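Notes follow the structure.
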Amino acid sequence: MTDDVVIGPLDLAARVDEALDVQAHAFGLSDDEVAVRRQIVLRHLTYPGARSFGATTPDDRLVGFVYGMPNDRRHWWSTVVEPYLRGRQLDHWLDGSFVITELHVHPGHQNRGIGRSLITTITDGVAEPRSILSTIDVESPARGLYRSLGYTDLARRVLFPSAAKPYAVMGAPLPLPRRV
Ligand SMILES: CC(C)(COP(=O)(O)OP(=O)(O)OC[C@H]1O[C@@H](n2cnc3c(N)ncnc32)[C@H](O)[C@@H]1OP(=O)(O)O)[C@@H](O)C(=O)NCCC(=O)NCCS
């Protein structure tokens, strides 16, 4: 990874507003969406095994973050994707899986290996043998990054209530591979 950004454990509850500011710049969120996400993130952090890592500059500015948790079929996200995976006999991916819930890097710091480093760091420390996530179902840097880490499509055109765009669900065995 280049520049002097450091990847390390993040107290996301304490820095949720900074994280959502990164997400707003990277992903695009309205003020209303930020307010909703804030409650969701704080709730997620109470779930067993939830963990988060951040990318910070030497002056302690947060420029990227990732968080996730072991999947639980009772969680809202899992209940939405389950029928799509079950239809393809792939719903076993919902068990023993670490979910990447959010991964965002500020546009001013993208394409320098920070996103790759965040996702490999968070998944390296988990007990689950695989990882699962959803991402907007278009060709994007996120899709390219996930594929290069071994994530394959488990379902496509997945519709979340309240999201305008369809998502792809992707899964990968852990640990994620390092570049050779
Ligand atoms: C997805 C995201 C987190 C990646 O972070 P990043 O720090 O820029 O990613 P990296 O520099 O680690 O890039 C890793 C890989 O991403 C892919 N990638 C990055 N930029 C790309 C681009 N412009 N086009 C295609 N692939 C790209 C490549 O596979 C790259 O691998 P390489 O190093 O072999 O080129 C970042 O682009 C982002 O925040 N995007 C907006 C928010 C978002 O979509 N988040 C994911 C929601 S699920």
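Read-outs: derived from the displayed coordinates by stated rules, not from any lab. These figures come from a predicted structure and were not determined experimentally. In this analysis, Cβ positions are derived from the backbone assuming ideal geometry, glycine residues included, and neighbour counts consider all displayed protein chains.
The table for this structure:
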item	result
Qualifying residue in the stretch 43-53 (condition: among the charged types (D, E, K, R) and more than 10 Å from the ligand (Cβ to nearest atom))	yes
Considering residues of the stretch 157-180 that are within 25 Å of Glu33 (Cα to Cα) and charged (D, E, K, R) only, the residue farthest from the ligand (Cβ to nearest atom)	Arg157
The stretch 21-32 residues that are without any contact (Cβ under 8 Å) to a residue 12 or more places away in the chain, paired with ones that are in a helix (DSSP H, G or I) and of a type outside the set (A, V, I, L, M, F, W, C) (beta carbon under 7 Å, 6 or more apart)	Leu29/Gln23; Leu29/Arg37
Gly64 being small (Gly, Ala, Ser) and either within 15 Å of the ligand (Cβ to nearest atom) or assigned to a helix (DSSP H, G or I) (or both)	yes
Positions within the stretch 105-156 being away from the ligand (no atom under 11 Å from the Cβ), in a strand (DSSP E or B) and either closer than 20 Å to Arg178 by Cβ or within 12 Å of the chain's Cα centre (by Cα) (or both), in sequence order	Arg130, Ser131, Ile132, Thr152
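Per-residue answers, yes or no, for (1) out of contact with any strand residue (DSSP E or B) (no Cβ under 8 Å at 6 or more places or on another chain); (2) without any contact (Cβ under 8 Å) to a residue 60 or more places away in the chain; (3) surrounded by fewer than 19 Cβ atoms within 10 Å (Cβ to Cβ); (4) among the hydroxyl-bearing types (Ser, Thr, Tyr):
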{"residue": "His92", "(1), (2), (3), (4)": "yes, yes, yes, no"}
{"residue": "Ser97", "(1), (2), (3), (4)": "no, no, no, yes"}
{"residue": "Ile100", "(1), (2), (3), (4)": "no, yes, no, no"}
{"residue": "Gln110", "(1), (2), (3), (4)": "yes, no, yes, no"}
{"residue": "Gly125", "(1), (2), (3), (4)": "no, no, yes, no"}
{"residue": "Pro129", "(1), (2), (3), (4)": "no, yes, yes, no"}
{"residue": "Ile136", "(1), (2), (3), (4)": "no, yes, yes, no"}
{"residue": "Ser140", "(1), (2), (3), (4)": "yes, yes, yes, yes"}
